[in-house]
Structures are given as C-alpha cells and as structure tokens.
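Student: One structure coming up, written as structure tokens, with questions to follow.
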Amino acid sequence: MNKIVVAGATGIAGTAAIRHFRSLPDWDVIALSRRRPADPAVYHMPVDLLDAEESRRSLQSLEGVTHLAYMALFEQDDLLAGWREQSQMEANLAMLQNVVDGLEQSSSALQHITILQGSKAYGSHLKPVPVPAKERWPRGAHKIFYWQQEDFLRERQRNAAWNFTILRPMMILGESIGSPMSIIAAIGVYASVMRQLGEPLHYPGGGRYVISCTDSRLIAQAVEFAGTHRLAPGDTFNVVNGDVIVWHDLWPSVAKHFGMAVGDHRPMRLAEEMPKFAAVWDAIAAEHGLHSTSMNDLVGGAWQFADYNFAYGQDNPPERIIMSPIKFRQAGFTPCYDTEDSILYWLTRMQEASILPR
C-alpha cells in the first residue's frame, strides 16, 4: 500500500491530485493545506507550511508515508512582481524544507518526492524563449525559487533513500477556489458577469499569440508515473497537453458554452475592472444558488494572471513559450489532452459544483 501526502491540497494541481489518487485502489491520501479540501472524505491535516514548528510537529505524527506530491505555492498579492521578489523565493523554499524535514523525521518509508516548477524555469516571464523549450537546456541565470527548492532537494537526496522528480507544467487548467493562477475561474466569472449584464462575450485581452496549457488531471497522472517508474533521480520533465491554442480562436467555444454570442475584441484590464462588478456577481450567486463565495475569494489574484495570459495591452505580443513534451513521452508517459476540451471540461466541473452558474 502506498501512502501519498499532497502538499498544497486546495490548489489547482493539488485538487486534481487528491481526486486522482483517491480513485486508485492501492493508495492512501493525506491532504496538507490550511483550508479544507473540496473532497470531504479525504484525510486532511490542517497546517501552515510557513510555520516551521507547526509543520514539523504535525508531519512527525504521520507514519508509512511513501510519496510526497509537493504542490504548495506562496504568491504575493502583486502576482507578477512577486515572481522576482527575494522574500517570495525564501518563503517557498522554507515551506518545502519544513515538509521534507517533518516527513524525514516521521517516516523511513519515503521513496519519492515530486515537485512542480513551470515555464518560468525557462525565463518566460522575462523574455521570449526559443521554441520549443526543452529540459536539456542549461539552467537559466535568472533568480527564481525553483532553483532554491531544486538545490535543497539535490543536497538532501545525497544521504536519503528517496528520489525526486521535477515536473514543469504550463498554465494549469483545473478546479480551485482562490488560486492566484486559476484561468478557469477568471474566464468563468468574467463570462457570467458579461452574460448577466446582457453583453456578448468580448475578448478582453491583447493581440494574437500561440500558447500551450496543462490539464491538472495530466499532472496528477504524471505524479503517479514519476513515483512508480524508474526514472533518473532528480530528472526534469515538461508536462503539457500536447497541442497549442490561440485565445481568440478559442473564444467562440467559451461563448457557446455559456450560451452567449461572440463579442468584439474589447480590451479590459480585468484586475482593475472586474472587482467593480462584485455586486453583480453576488446577484448571480444568489440567483443560481451558488456557494456563498465572493468574487474576490473565488478569483482574487487570478485576474492579474488572466491579464498576463490574455496579453492585455499588447497589440503584438511577443512569442510566448511552447514547451516540448517529447522527453516525457520517450520515458513512457503518453497521456495527452485536447486543450479546448480541457477548458470546457473544467468550466462544466465548476458549474456542476455550484461554483459557477450554468
């Protein structure tokens, strides 16, 4: 019997990981997060990972943990600026250290750790990146907490019985409440408000560009694969759906999903404008019997993430990153997802959970 700890259990990737591993017959799942996960039946350990004493004390009580899926993330209120802040890097390093310290003291059964990085490993938030981005490239000189976490694991692994794998997804698609990078929540709330106002679904971003995404279900499957197959210790794999999209071309499918007409290209800085419609969202929630979650609690910093990914204010956006999935496929991991289907699937899931209106 395997026992996995999912750290960051209420995030987009963590929510999908819990659902995936709970569906497997030979896995026990422990959810690690401050808030209660959506799955009421999962064993939940409430803990603030920034509190070293609390984290280690709580994790030391666990026995027989074989796997760690580390998906916790600390983001500052100013999302994009925070990616360059030393304090944010230090916080993310400390959280991982606290979890590993606690598990190593509690369990000699630990076999494998999976951590997530992302496209910022290639410097995509700083400059255009050659297409496609490949894991074989030398590590970038830019500062980011990925390198601090990776160096910590490599140093600790020298004297440990466990191995680790690094997964690099790109714009994760999935279900979550309050995640600062939930593009699905941002799209769903924006579309719902425009529909309530009697507007068609205008595209609020900038110019056209090509981008790739990662379904959170794919990450969960990748964590299972990495934890149960003989991969090179400390190896890195891009995890992407396998296709690419242009948001403008996908917009008619989103409009159809919400029963709306496709609008014009009407740029809107969502992070500034959407909070002005908080009362409209409250009315939508009451009308449709949604869970009593304010717009800010549901979307929050994800408005900034949406503005960034929709290229607001850029008529001719620079080429965005396209990550190659070939290395992981050659290692034997073959699942893939159609990104258009993924977006509609997760919008539907959040509607079925009464988080978004139908």
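Student: Being within 29 Å of Leu126 (Cβ to Cβ) and either out of contact with any strand residue (DSSP E or B) (no Cβ under 8 Å at 6 or more places or on another chain) or crowded, with 20+ Cβ neighbours inside 10 Å (or both): is that true of Leu153 here?
Tutor: Judged against the criteria, Leu153 is a match.
Student: Of the conditions (1) at pLDDT 95 or above; (2) surrounded by fewer than 18 Cβ atoms within 10 Å (Cβ to Cβ), Pro204 fails just one. Which one is it?
Tutor: The failed condition is (2).
Student: For the range 51-60, which positions are open to solvent by less than 40 Å² (accessible area, probe 1.4 Å) and in contact with an Asp or Glu (Cβ under 9 Å, 6 or more places away or on another chain)?
Tutor: Ala52, Ser55, Leu59
Student: Right, another one. Name the residues in the range 88-135 that are farther than 26 Å from Ser212 by Cβ, open to solvent by 10 Å² or more (accessible area, probe 1.4 Å) and under 21 Å from the mean Cα position of the chain (by Cα), would you?
Tutor: Result: Glu90, Ala91, Leu93, Ala94, Met95, Gln97, His112.
Student: Within the range 180-192, which residues are in contact with a strand residue (DSSP E or B) (Cβ under 9 Å, 6 or more places away or on another chain) and in a loop (DSSP other than H, G, I, E, B)?
Tutor: Met181, Ser182
Student: Then there's this: What do you reckon, is His257 touching a strand residue (DSSP E or B) at 6+ places or on another chain (Cβ under 6 Å) and either over 26 Å from Thr66 (Cα atoms) or of a type in the set (Gly, Ala, Ser) (or both)?
Tutor: no
Student: Name the helices (runs of 4 or more DSSP H) wholly within the range 249-358 that hold at least 1 residues that are loosely packed, with under 15 Cβ neighbours inside 10 Å and touching a Gly at 6+ places or on another chain (Cβ under 8 Å)?
Tutor: So the answer is 295-298.
Student: I'd like the full set of residues that are hydroxyl-bearing (Ser, Thr, Tyr), over 14 Å from Arg208 (Cα atoms) and in contact (Cβ under 8 Å) with a residue 60 or more places away in the chain, limited to the range 301-336.
Tutor: Correct list: Ser324 only.
Student: If you take the residues in the range 156-178 that are among the β-branched types (Val, Ile, Thr) and open to solvent by 20 Å² or more (accessible area, probe 1.4 Å), which one is nearest to Thr66 (Cα to Cα)?
Tutor: Checking each candidate, the answer is Ile172.
Student: Are there any pairs, at least 6 apart or on different chains, whose C-beta atoms fall under 8 Å, with the first in the range 58-83 and farther than 14 Å from Gly8 by Cα and the second among the basic types (Lys, Arg) and open to solvent by 70 Å² or more (accessible area, probe 1.4 Å), and if so, which?
Tutor: none
The rows are residues; the columns are (1) in contact with a Lys or Arg (Cβ under 7 Å, 6 or more places away or on another chain); (2) loosely packed, with under 15 Cβ neighbours inside 10 Å; (3) over 28 Å from Leu126 (Cα atoms).
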position	(1), (2), (3)
Arg34	no, yes, yes
Val42	yes, no, yes
Met45	no, no, yes
Leu49	no, no, yes
Leu68	no, no, yes
Gln76	no, no, no
Gly82	no, no, no
Gln86	no, yes, no
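Student: Asp215 fails exactly one of the following numbered conditions: (1) of a type in the set (D, E, K, R); (2) under 17 Å from the mean Cα position of the chain (by Cα); (3) open to solvent by 10 Å² or more (accessible area, probe 1.4 Å). What is the number of that condition?
Tutor: Result: Asp215 passes all but (3).
Student: Would you mention how many residues in the range 136-150 are touching a residue at least 60 places away in the same chain (Cβ under 8 Å) and surrounded by fewer than 17 Cβ atoms within 10 Å (Cβ to Cβ)?
Tutor: Of the residues in that region, 1 qualify.
Student: Go through Glu224, Glu199 for me and flag whichever is farther than 28 Å from Ala278 by Cα, of a type in the set (Asp, Glu) and surrounded by fewer than 23 Cβ atoms within 10 Å (Cβ to Cβ).
Tutor: Unique residue meeting the criteria: Glu224.
The values are calculated or read from the model by the stated rules, or taken from the named source; none is laboratory data. Predicted model, so just to flag it, every value in this text is computed and none were measured. Virtual Cβ from ideal backbone geometry, glycine too; neighbours counted across all protein chains shown. Quick note on the areas: whole protein, heavy atoms, side chains included, nothing else; ligands and nucleic acids left out. Shrake-Rupley method; radii C 1.70, N 1.55, O 1.52, S 1.80 Å.
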